[in-house]
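Before any comments, here is the structure.
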Amino acid sequence: MNPSTKSCLWRQGPAACALLACGLFVLAAPAFADDKTKDPDQIGNRSVDKGINFYSIEKEIAIGKQMAQEVERQAKIVDDPIISEYVNRIGQNLVRNSDAKVPFTIKVIDSEEINAFALPGGFFFVNTGILLNADNEAEMAGVMSHEIAHVAARHGTRQATRGDMINYGSIPLIFLGGWTGFAIRQGAGLAVPMGYLKFNRGFETEADMLGLQYMYKAGYDPVAFVDFFEKVQSLEKRKPGAMSKVFSDHPPTGDRITKSQQIIQKYLKEKPEYIISTSEFNDVKARTVAMHNSRSISLSKDSGRPTLRRSGGSADSTSSASSGNADTADSGGRPTLKRRDDNNP
């Protein structure tokens with residue numbers, strides 16, 4: 001550092017110098033410095049939220065609650081108890097198999113956009129568009145586990161902390177205005193700051209690795225994670241606008257997909273069987289399709305204009321498409337399907 005720069009920093013005070021030093025350390029830190037982060041057997045006995053963070057867990061939960069209330073004021077929350085209970089149960093099972101240190105509140109938004117997002121402190125929203133476009137329960141679990149990983153690693157407040165350290169002018173807001181000041185800088189009128197949901201490459205890569213581990217530990221085939229994101233990317237090319245603007249930047253790029261496949265091969269030893277899909281997933285998906293069809297018909301009657309009804313597809317099609325394996329073991333409505341051995345067709 002040249003003398004003039006050093007002098008300039010010192011005039012801002014020792015605190016600014018300390019913050020800059022911390023900022024450089026955080027930004028330079030590797031995504032997976034601890035070997036425990038690579039081992040799914042260590043889930044629950046490790047810390048994945050390392051890094052400078054100006055926000056306590058209690059403050060993070062308060063921030064998330066405030067933002068969630070705003071989301072619920074603006075979005076239509078699904079009130080069908082069967083759909084909401086099912087999605088919540090799948091999510092809570094993934095949370096139990098994660099490193100998250102906060103309880104989760106999971107709700108379903110009635111929207112065909114492909115989107116899911118988790119706010120700080122464990123406030124998690126899943127669009128019905130995820131259910132409509134997932135071919136099986138494992139694909140839905142892959143999306144949810146990725147979002148749970150962002151919360152477990154506290155990416156939101158860690159990213160906000162980085163922004164505050166880089167922008168010295170915002171430091172007083174941390175102590176005086178709190179999260180409100182940060183939200184205002186992102187743009188007035190937004191229910192959720194866009195900058196909060198668009199994580200940097202390192203955080204997305206970390207969420208990929210952790211999310212793959214969480215769904216794997218919960219018993220799902222981690223390959224379904226890659227399958228779903230490849231599919232929605234293809235869908236977006238054919239039908240622009242199918243994905244939420246935030247989620248459209250979320251799916252892994254080709255490089256991240258390759259890295260995810262390498263993680264699966266290197267760190268997730270193959271199990272004799274995985275959960276791919278269940279009859280309950282098929283039933284809930286069919287119920288979600290019917291709910292959207294019913295609303296489309298109602299809107300058609302109200303407008304006096306004809307509307308084409310979406311074809312629902314059979315409930316069994318999802319299960320058969322999800323795997324070429326016929327071996328299932330029915331246990332409480334949650335069958336597991338063995339992975340096909342390509343060497344023994």
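The values are calculated or read from the model by the stated rules, or taken from the named source; none is laboratory data. Since we're looking at a predicted model, the values are computed, not measured. Because the Cβ atoms are built from the backbone with ideal geometry, glycine has one as well, and the counts that use them run over all protein chains shown. Each accessible area value is taken on the protein alone, full model and side chains, heavy atoms only, with ligands, DNA and RNA left out. Shrake-Rupley method; radii C 1.70, N 1.55, O 1.52, S 1.80 Å.
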| What percentage of the solvent-accessible surface of region 37-104, computed with a 1.4 Å probe over protein heavy atoms, is contributed by carbon and sulfur atoms? | 48
| request: Please list Arg287, Arg158 in order of solvent-accessible area, largest first, computed with a 1.4 Å probe with all protein chains present. | output: Arg287, Arg158
| remark: Expected field for Val71, accessible surface area in Å² at 1.4 Å probe radius, rounded to 10, holds 10
| note | With label points set 7 Å from each Cα along the Cα-to-Cβ direction at Glu85 and Ser294, the distance between them in nm comes to 1.6
| task | Can you tell me the FRET efficiency between Arg238 and Lys36 if r is taken as the Cβ-Cβ distance and R0 is 41 Å, rounded to the nearest 0.05? | result | 0.50
| request: Can you pull the one-decimal nm distance between simple spin-label points at Gln261 and Asn45, each 7 Å off the Cα toward Cβ? | output: 3.3
| field | Length released on extending from Asp283 to Ala62, taking residue separation times 0.36 nm less the Cα-Cα span | value | 76.0 nm
| task | With N set to the residue count of region 70-129, report its C-alpha Rg divided by 2.2 N^0.38 Å to two decimal places. | result | 1.09
